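Here the structure comes first, spelled out in structure tokens, and everything after it is commentary.
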Amino acid sequence: MATFAVILAAAGKSSRFQSKGAKILGSGPQKKPFMDLKGRAVWVRSAEIFSNREDVKQLIISVSTDDIEWFKQKFRPNLAFMDIEIVPGGEERADSVQNALARVKADIDYVAIHDAARPLITDKWVGELFAAAEKHHAVIPAVRVSSTLKRAGKDRQIQETVDRTDLWAAQTPQVFQRQILLDAYAKRGDFQPTDEAQLVEHIGQAVTIVEGSPLNQKITTAADFKMAEALVNALPKPKGIQALHPFADEEPRGIL
């Protein structure tokens, strides 16, 4: 059985979310991965799918240096129960992932990188991606762009309508053979990719798309959070799999 390490990216500034997000974390950082989403933090919902899988041998989360101590105190039971390693984030997303990648064990075959603010993930989708990674070595989930696309200037005046044929919206988890990802980061230099696939493409490695689900949304704004609240109970709940709750007084729920 191939082995996987999963890196959860949670070190972002969440500036767009904080500008309109509800302040419900008390003295804690107002960031989207830390918000409570129907009884569990967003990042916990993102992590527990992977923690339940036998082929995931290592789980790492990158957290901003300024938030680490608060994060450890706030989520200590979850961290212990899911055996998650915390690494300090960097200035940019790629820096955070690179810090985490340096901690991945040498005997791991594949590395998956997932947005901690993308909690509407299912075990079925992860299984399909992992199987595709074993075949193609570098894969990402994505959905076809269905809306009409417009390119506009800074004045918001439309400059052109963009042909959407063959356009896909990338999602996570993005999964790569460990050595491919190591090679991509070794050649990164000052390049700041917007996702890991772009970095891997940068070294000439083919990346294969696995059709994803529109439900696998990333929480970026307060409106996204409201949408996630509405969708969280609509996802399939595999029988016999329990969410990883360290608290006896919380109602057990199926993995979403």
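The values are calculated or read from the model by the stated rules, or taken from the named source; none is laboratory data. All of these numbers come straight from a predicted model, not from anything done at the bench. FYI the Cβ positions are ideal-geometry reconstructions off the backbone, even for glycines, and counts take in every protein chain you see. The protein model used for the area step is the full one, side chains on, heavy atoms only, and it has no ligands, DNA or RNA in it. Shrake-Rupley method; radii C 1.70, N 1.55, O 1.52, S 1.80 Å.
Of Arg178, Arg156, all but one fail to be open to solvent by less than 60 Å² (accessible area, probe 1.4 Å), of a type in the set (Lys, Arg) and over 16 Å from the mean Cα position of the chain (by Cα); the exception is Arg178.
Applying the condition of being polar (S, T, N, Q) and either open to solvent by less than 30 Å² (accessible area, probe 1.4 Å) or part of a strand (DSSP E or B) (or both) to segment 192-213 and asking which residue is modelled with the highest pLDDT yields Thr208. For segment 93-115, the set of residues classified as open to solvent by less than 10 Å² (accessible area, probe 1.4 Å), of a type outside the set (S, T, N, Q) and out of contact with any helix residue (DSSP H, G or I) (no Cβ under 9 Å at 6 or more places or on another chain) consists of Ala100 only.
Within segment 144-152, is there a residue that is touching a strand residue (DSSP E or B) at 6+ places or on another chain (Cβ under 8 Å) and either under 29 Å from Asp95 (Cα atoms) or at pLDDT below 95 (or both)? Yes, there is a match, as at least one residue in segment 144-152 is touching a strand residue (DSSP E or B) at 6+ places or on another chain (Cβ under 8 Å) and either under 29 Å from Asp95 (Cα atoms) or at pLDDT below 95 (or both). Of the helices (runs of 4 or more DSSP H) entirely within segment 14-84, those holding at least 3 residues that are touching a helix residue (DSSP H, G or I) at 6+ places or on another chain (Cβ under 8 Å) and at pLDDT 90 or above occupy 42-51, 68-74, 76-82. Taken across segment 184-191, residues that are open to solvent by less than 70 Å² (accessible area, probe 1.4 Å) and more than 19 Å from Gly90 (Cβ to Cβ) do not occur at all.
Close contacts from segment 107-121, counting a first residue that is more than 16 Å from Met227 (Cα to Cα) and aromatic (Phe, Trp, Tyr) and a second that is buried (at least 24 other Cβ atoms within 10 Å of the Cβ) and at pLDDT 95 or above, with Cβ to Cβ under 7 Å and a gap of 6+ residues or different chains, come to Tyr110/Phe4; Tyr110/Ala133; Tyr110/Val175; Tyr110/Phe176.
Has segment 139-151 got any residue that is under 19 Å from Val111 (Cβ atoms), surrounded by 13 or more Cβ atoms within 10 Å (Cβ to Cβ) and among the small types (Gly, Ala, Ser)? Checked against the condition, which is being under 19 Å from Val111 (Cβ atoms), surrounded by 13 or more Cβ atoms within 10 Å (Cβ to Cβ) and among the small types (Gly, Ala, Ser), segment 139-151 yields at least one hit.
Take the conditions (1) open to solvent by 40 Å² or more (accessible area, probe 1.4 Å); (2) closer than 30 Å to Phe81 by Cα; (3) modelled with pLDDT under 95; Ala131 misses just one of them, which is (3).
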